[in-house]
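We did not get these values from a lab; they are worked out from the coordinates using the rules stated. This is a predicted model, so every value here is computed, not measured. Glycine also receives a Cβ, built like all others from the backbone with ideal geometry; neighbour counts cover every protein chain displayed.
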Amino acid sequence: RKEVEQDPGPFNVPEGATVAFNCTYSNSASQSFFWYRQDCRKEPKLLMSVYSSGNEDGRFTAQLNRASQYISLLIRDSKLSDSATYLCVVTRSGGSYIPTFGRGTSLIVHP
Amino acid sequence: DTGVSQDPRHKITKRGQNVTFRCDPISEHNRLYWYRQTLGQGPEFLTYFQNEAQLEKSRLLSDRFSAERPKGSFSTLEIQRTEQGDSAMYLCASGVTEAFFGQGTRLTVV
């Protein structure tokens, strides 16, 4: 089983839709959690950190459920420019603190 | 530009040749990571440095791969005797908690 699992999609949604992605992780001792965005043939860029209390940044809301070991990302009022791959990232506990990436979920927002 | 810088951006090499990539991290970051990414997959961890010390290597990092970070500043990743399966995007990242990525080096082995 992979450390971080994501549905690769693609999720194909119209502009203005609300879309949610989930990600599960296998290591219960994982320490930190993030969502990254990656555009085609570009590097991953940090979208937001995910806290136990949940956090919101504009149209984006991230939540963490430690008991069930999953992380979610909700995008409201989707824009064409939201089309990208969304990568779930989990860091291991302990000294090495190495970010482990899921394979990403592809989002296509159409007019 | 104070971001992570990678060089070269693209590299085409013949099978069996050696290649070396360079990464200049954000200056105040002591953690540096190398990843490899192929089409349709997320970045896969290769190796990690804390300052100049290489603290962890993935099983993906065969003995043809070597990485260094002299003096805890820039890092190099060398691939010896390249194979077609080495074709991928090689990403460098630095950070304290979050990881910030360079634009990557796209390697094509022909």
* In nm, spacing of pseudo-spin labels at B:Glu98 and B:Asp7 (7 Å Cα→C-beta vector) -> 2.7
* For chain A, list the cysteines whose Cβ sits under 4.7 Å from no other cysteine Cβ? -> A:Cys40
* Across 10 Å bins from the origin, how do the percents of Cα pairs in the stretch A:1-66 run, short distances first? -> 16, 48, 33, 4
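First measure r as the distance between the Cβ atoms of A:Ser49 and B:Arg106, then evaluate 1/(1 + (r/R0)^6) with R0 = 35 Å and state the FRET efficiency to the nearest 0.05.
The formula returns an efficiency of 0.80 here.
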* To do: Please work out the C-alpha center-to-center distance from the stretch A:64-111 to the stretch B:48-110 and express it in whole Å.
  => 23
* To do: Any chance you could list the semi-axes, whole Å, largest first, of the equivalent ellipsoid that the Cα gyration tensor gives for chain B, using √(5λ)?
  => 22, 14, 13
* Structure fact -> Excluding residues fewer than 8 positions from B:Lys14 in its own chain, the aspartates and glutamates with Cα under 17 Å of it are B:Glu78, B:Glu83, B:Asp86
* Cβ under 14 Å from B:Leu32's Cβ, B:Leu32 left aside: what net charge do those residues give with Lys, Arg +1 and Asp, Glu -1? -> -1
* Asked: From the square roots a ≥ b ≥ c of the eigenvalues of the alpha-carbon gyration tensor of the stretch A:36-96, which class results: rounded (a/c under 1.5), prolate (a/b over b/c), or oblate?
  -> oblate
* Reference-scaled alpha-carbon Rg (2.2 N^0.38 Å with N residues) for the protein assembly as shown -> 1.03
* Neighbour net charge for B:Met89 - beta-carbon separation under 12 angstrom, K R +1, D E -1 -> +3
* Structure fact -> Here the net charge surrounding A:Val13, from other residues whose Cβ is less than 12 Å away from its Cβ (Lys, Arg +1; Asp, Glu -1), is -1
* Would you compute the Debye intensity of chain A from its alpha-carbon atoms alone, equal scatterers and no solvent, and pass along log10 I(q)/I(0) at q = 0.20, 0.22 Å⁻¹ to two decimals? => -1.03, -1.22
* For B:Thr108, which sequence-distant residues (separation of 5 or more, or a different chain) have an amide H within less than 5 Å of its own amide H, given hydrogens modelled in the peptide plane? -> B:Lys11, B:Ile12, B:Thr13
* Asked: So which lysines can A:Lys79 reach, going by Cα to Cα under 22 Å and dropping same-chain residues fewer than 8 places off?
  -> A:Lys42, A:Lys45
